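J.: First the structure, then my questions, so here it is.
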Amino acid sequence: MFVVVTKYLIPNGFAGIALFPFIFLKEKKHMHNASMILHEKIHLRQQAELLILPFFIWYGLEFLVRLLQHKNKNLAYRNISFEREAYANESTTGFLEQRSFWNFIKYM
């Protein structure tokens with residue numbers, strides 16, 4: 001895992017993004033935000049489990065399904081299984097050490 005601070009690669013409205021094997025953060029202060037870093041590390045684990053490219057295909061398709069379901073971009077994003085897992089566990093110390101393989105399925 002490599003952490004890179006750059007304001008140019010982060011979409012508006014977001015503070016960070018995980019693109020295996022990197023975590024990109026919009027501001028240096030976010031490097032000290034343990035829950036944000038864990039949130040992005042959870043995404044790195046999800047990406048590795050799905051061999052990276054299938055993760056992004058699944059993510060995009062699930063976003064479209066959730067958008068049709070909720071008719072709201074933010075609500076659709078928040079209800080993607082990958083995001084639900086990451087948000088639910090971003091404050092759980094030791095989560096990645098105990099996390100089961102393909103754990104995001106529980107959040108579908």
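Computed from the coordinates by the stated procedures, all read-outs in this text should not be read as laboratory data. Small disclaimer: the values here were computed from a predicted structure and weren't measured. All Cβ positions, even for glycine, are placed from backbone atoms using ideal geometry, and neighbour counts span all protein chains on display.
J.: Once fully extended, how much extra length lies between Trp102 and Asn12, figured as 0.36 nm per residue of separation less the alpha-carbon to alpha-carbon distance? Don't jump to the answer; show the numbers that get you there.
T.: On the way: separation 90, 0.36 × 90 = 32.40 nm, distance 2.88 nm.
My answer for the length gained is 29.5 nm.
J.: Still on this model: Rounded to the nearest 0.05, what FRET efficiency do Thr92 and Leu19 have when you use their Cβ-Cβ distance and R0 = 25 Å? Numbers along the way, then the final one.
T.: Working: r = 23 Å, r/R0 = 0.93.
Efficiency at R0 = 25 Å is approximately 0.60.
J.: Just to check I understand the Karplus step: with θ = phi - 60° and J = 6.51 cos²θ - 1.76 cosθ + 1.60, what whole-Hz values come out for segment 12-20, glycine and proline as x?
T.: Karplus values, whole Hz, x for Gly and Pro: 4, x, 10, 9, x, 8, 9, 9, 2.
J.: Using amide H atoms built in the peptide plane, which far-off residues or other-chain residues are under 5 Å from Arg99 H to H?
T.: none
J.: Just the ratio, please: alpha-carbon radius of gyration of segment 45-108 over 2.2 N^0.38 Å, N its number of residues.
T.: Numbers: Rg = 12.1 Å, N = 64, 2.2 N^0.38 = 10.7 Å.
Dividing the Cα Rg of segment 45-108 by 2.2 N^0.38 Å gives 1.14.
J.: Going highest first, how would you order 47-56, 4-13, 32-41 by mean Cβ packing within 10 Å?
T.: Values: 47-56: 14.3, 4-13: 10.2, 32-41: 16.7.
Result, highest mean Cβ count within 10 Å first: 32-41, 47-56, 4-13.
J.: Based on DSSP, what percent of beta bridges with both residues in the chain are antiparallel, to the nearest 5? Mind showing how you got there, number by number?
T.: On the way: 4 of 8 bridges.
In the chain, DSSP labels about 50 percent of beta bridges as antiparallel.
J.: Once Lys and Arg get +1 and Asp and Glu get -1 on their Cβ, which of Asn74, Ile105, Gly60 lies farthest toward the positive end of the dipole of the chain?
T.: Positive-most Cα among the choices belongs to Asn74.
J.: Something else: Could you check which residue among Phe22, Phe14, Phe63 shows the biggest mean-square fluctuation in a GNM of the chain with a 10 Å Cα cutoff?
T.: Taking springs between Cα atoms under 10 Å, the residue moving most is Phe14.
J.: Right, something else. So what J values fall out for segment 25-41 if you push phi through Karplus, 6.51 cos²θ - 1.76 cosθ + 1.60 with θ = phi - 60°, rounded to Hz, Gly and Pro as x?
T.: Karplus values, whole Hz, x for Gly and Pro: 10, 6, 9, 4, 4, 6, 4, 9, 8, 4, 5, 5, 5, 5, 3, 6, 5.
J.: Quick one: net charge of Asn79's neighbours, Cβ under 15 Å, K/R +1, D/E -1? Numbers along the way, then the final one.
T.: On the way: positive: Arg66, Lys71, Lys73, Arg78, Arg84, Lys106; negative: Glu62, Glu83, Glu85.
Net local charge, Asn79 excluded: +3.
J.: Could you work out the equivalent-ellipsoid semi-axes for the chain, taking the square root of 5 times each eigenvalue of the Cα gyration tensor, largest first, in whole Å? Please report the intermediate quantities before stating the final value.
T.: Numbers: eigenvalues 85, 61, 35 Å².
The three semi-axes for the chain are 21, 18, 13 Å.
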